[in-house]
Structure formats: structure tokens, C-alpha cells
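What follows is calculated from the coordinates using simple rules that are stated; it is not laboratory data. Keep in mind it's a predicted model, so treat the numbers as computed, not measured. Positions of Cβ are backbone-derived with ideal geometry, glycine not excepted, and every protein chain shown enters the neighbour counts.
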Amino acid sequence: MKKRTIADSFNAAIEGIIYTIKTQRNMRLHFLFAILIILVSIFLQLEKIELLVICSAVALVLICEMFNTAIEKIIDLITPDFHPLARIIKDVAAGCVLISTIFAVIAGYLVFSKYLINFELEQILLRVQYSPWHATFASLLLVIFLVLMGKSFSKKGTPLRGGMPSGHSAIAFSIWTIIALITRNSMVVLLTLVVAVLVAQSRIRQEIHTGWEVVVGSLLGVIATLLCFQIFYHLFY
């Protein structure tokens, strides 16, 4: 039996996440809400401990949903026919998801309530406008999410290697776009562009991606990043 590499282990783990998102409607909803809640948390500039609470609550819900899916598949494998005990096991697993969701709602209310009471949109927008790391984090998060979704639907390659689109190209051109937006140094922008092009070229030269996959990944990185910065900087400007 071939020994697993670290990359193989990561690929297997990511494929497990993608499988759950593709096959479980509740997981897709949880994942979408998780992205939105984290983005809102960054937008409101939560304190570190508050952000940790929110991320922990979100992670708990996603983990419970994945365990629920795994348990359901095990039961279906062992007992393909209806069995009262199999139903009880599935109900208990679903109950774990429900409890984690209730906890996440309570934690979110306790953390966000003080910000909603003293909500000052103009002041928050000004803080975000002069804090580009928020848009940077959101952009990279969105690019990674879109790349993983693209790979899951194209059913080609693995989450970390090959497939449509090229994740390395998407992230490289996303970083270049971020630097181009937040710096006035044209030499830095030019050098970063050269690095991004070299990253994209290396994916083609190593025959990991086709030229089309690299082009799509590069455009995805640029467009998604511009979209995030447009929302964070100019939506209410």
C-alpha cells in the first residue's frame, strides 16, 4: 500500500468537506452563513476574544454537520434496510447539530448585540476604508472559496492540485490586485505582477494546469478581489 503524503491527507480532508457541501443542503446553508457571519465580524472589527468565540461557534456547527453526515453514511452502509436503532442513531446525530446551532445563535446574539445597539454605519465605514486588511482578508477568503467550489463542480484534479480553475493563479493574481489597490508604488505593483505571472506560468510548465485553467483562475482572482474592495470601499462612499 502506497504511503500517504501530507498533500494526500490534505486533499482527502478537503474532498471530504467538498463532498459534504455538495450532497448536504444543510451544510451548504451552514457554510454560506458561516462565510457571511465571519465577514460581518471583520466588518464590525470585533475584539480578538469576540472573534474567537464567533469562529469557534461557527466551526462547531460545521464539525457537527460533518459528523452527522459521516454517521448517516456509516448507518446506511451497515444497515441499508430500515431499523429502529438506525433511526435513533441518526436522530441523536441530528440533535447534536441542532444543539450546536442553538449555541451558535446565542453566542452570536451575545457578541453582536452591543454593536447593533450602538451601530454607527458612517464611522464603521470610515474605519474599514482606512483598514485595507479587512478587504484583503475577505478577498482571499472569497477567492479560496470560489476555487474550491469550481474544482468540486468540474470534478477534475484535486482541491490542492490540478483542476478548474487554477488555485495558485487565482491567489497570486488576487494578491497582486490587492497590492495594486492599496499601494501607490508602481514598481512594487509591477514586480508583484511579474511574480503572479511566473506563478501562473509555472502551473502550465509543470503540466499541472492547462492554459485555460490558469487564465480562468487569474481572472477569478482579479474579479473577486475587485468585487470585495468595491463592496468594502465604495458601496456607501
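With the convex hull drawn over the C-alpha atoms of the stretch 39-83, the volume per residue is 75 Å³. Exposure proxy ranking for SER41, SER56, based on other Cβ atoms within 10 angstrom of each Cβ and starting from the fewest, stands as SER56, SER41. Length gained on full extension, ILE74 to MET187: 35.0 nm, using 0.36 nm per residue less the C-alpha separation.
For the stretch 1-119, the spread of Cα coordinates along the three principal axes comes to 55, 40, 21 Å, biggest extent given first. Placing dummy labels 7 Å off each Cα toward the beta-carbon, the span from ALA94 to ILE17 is 2.7 nm. Could you tally the net charge around LEU98, taking each other residue with its Cβ under 13 Å from the Cβ of LEU98, Lys/Arg +1 and Asp/Glu -1? Around LEU98, the surrounding residues sum to -1.
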